[in-house]
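In what follows, a structure is listed as structure tokens, so that the remarks can point back to it.
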Amino acid sequence: MPRASNNQNDVLMQPFYRGQSNSEWDIEPSLLHTDLSGQQRENIKIPKGLLLFSAIAYKQHYYTGTRFIDFTMNPDIAVYFACNKDDNKDGAVFVYCYAPHKAEWYSAIVMSEVEEIISTDKVSLQSLSEKIFHNYPDIQKNFQDVQELNGWIISFLDHGFMVLPDEKSIQDNLRMQRQQGCFYVCGVKFDHDLRANDRCFSSAGIQYFYPQSAVVPSDLKSGKWLLKIIIPKEKKPDILKVLSDKGIAYDYLFPDGA
């Protein structure tokens with residue numbers, strides 16, 4: 001595992017795009033529409049040693065019921081996904097402004113560990129922090145103790161974050177490379193709404209969360225950072241023709257045929 005950091009100064013606020021072929025749909029991860037049994041969860045195996053972005057891409061490709069939401073950094077690609085299906089429905093392109101995390105950051109390590117939890121029972125933040133603190137030497141070097149790590153993890157675990165691809169993921173995945181993909185990693189549900197004092201270092205460890213849950217942040221439902229552009233269904237064929245002339249078509253975006 002390469003050395004991780006979590007310096008928000010490394011990135012700036014930037015636009016991300018998502019196309020949906022039916023403008024009536026909300027932005028939601030597939031986990032909210034999938035009821036996986038315990039056996040099904042045990043059968044979900046992600047290859048070891050992958051950084052968060054590669055693990056997400058693998059899981060999105062081979063499984064359903066994830067807490068990840070696909071975005072792209074290319075508006076034309078978002079427009080394609082808004083037009084390529086549901087000919088009788090208006091499509092929508094969403095523009096979302098966010099200061100993303102990098103796949104090498106500590107936050108990605110945390111979410112990778114959450115993805116490894118199979119249990120549907122609630123889990124204490126303390127137990128998650130203890131596992132991470134003891135398994136990652138870089139974490140020990142940058143956090144004084146588990147209590148400090150608790151306070152940092154709870155600052156984002158309930159709302160998630162946008163994660164950018166690492167260079168290796170881009171090189172190894174032609175589909176993601178051409179789609180210029182990135183993901184919003186949804187947060188998890190806690191056993192009660194977190195209050196300000198629950199987020200204090202001294203209180204964070206006693207909070208419990210559900211590892212098989214997904215929370216869509218309010219900004220992806222409405223708000224000043226989200227713009228929704230409706231594409232009339234009548235315009236879809238013409239738009240797809242323009243995109244095809246630019247080289248953006250199914251065979252290009254899905255080189256593996258899936």
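Rule-based calculations on the coordinates, nothing more; no lab input. In this text the structure is predicted, and so the values were computed from the model without any measurement. Cβ sites come from the backbone with ideal geometry, for glycine too, and all protein chains shown count toward neighbours.
Points to keep in mind about this one:
- If the condition is being more than 22 Å from residue 117 (Cα to Cα) and either of a type in the set (S, T, N, Q) or crowded, with 16+ Cβ neighbours inside 10 Å (or both), then the stretch 132-174 contributes 142, 143, 144, 164, 165, 166, 169, 170, 171, 173.
Listed here are the residues, each with its yes/no results for (1) touching a residue at least 60 places away in the same chain (Cβ under 8 Å); (2) farther than 16 Å from residue 160 by Cα; (3) out of contact with any helix residue (DSSP H, G or I) (no Cβ under 8 Å at 6 or more places or on another chain).
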| site | (1), (2), (3) |
| --- | --- |
| 180 | yes, yes, no |
| 195 | no, yes, yes |
| 200 | no, yes, no |
| 227 | yes, yes, yes |
| 231 | yes, yes, no |
| 241 | no, yes, yes |
| 248 | yes, yes, no |
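- Taken over the stretch 74-100, residues that are out of contact with any strand residue (DSSP E or B) (no Cβ under 6 Å at 6 or more places or on another chain) and not charged (D, E, K, R) amount to 6.
- Answer from 238, 251, 256 - the residue that is exposed (fewer than 11 other Cβ atoms within 10 Å of the Cβ), more than 17 Å from the chain's Cα centre (by Cα) and either among the aliphatic types (A, V, I, L, M) or not in a helix (DSSP H, G or I) (or both): 256
- Residues that are polar (S, T, N, Q) and surrounded by fewer than 19 Cβ atoms within 10 Å (Cβ to Cβ) occur in the stretch 114-121; there is at least one.
- Positions within the stretch 175-184 being of a type in the set (S, T, N, Q) and surrounded by 21 or more Cβ atoms within 10 Å (Cβ to Cβ), in sequence order: 179
- Only one of the listed residues (117, 77) is in a helix (DSSP H, G or I) and β-branched (Val, Ile, Thr). That residue is 77.
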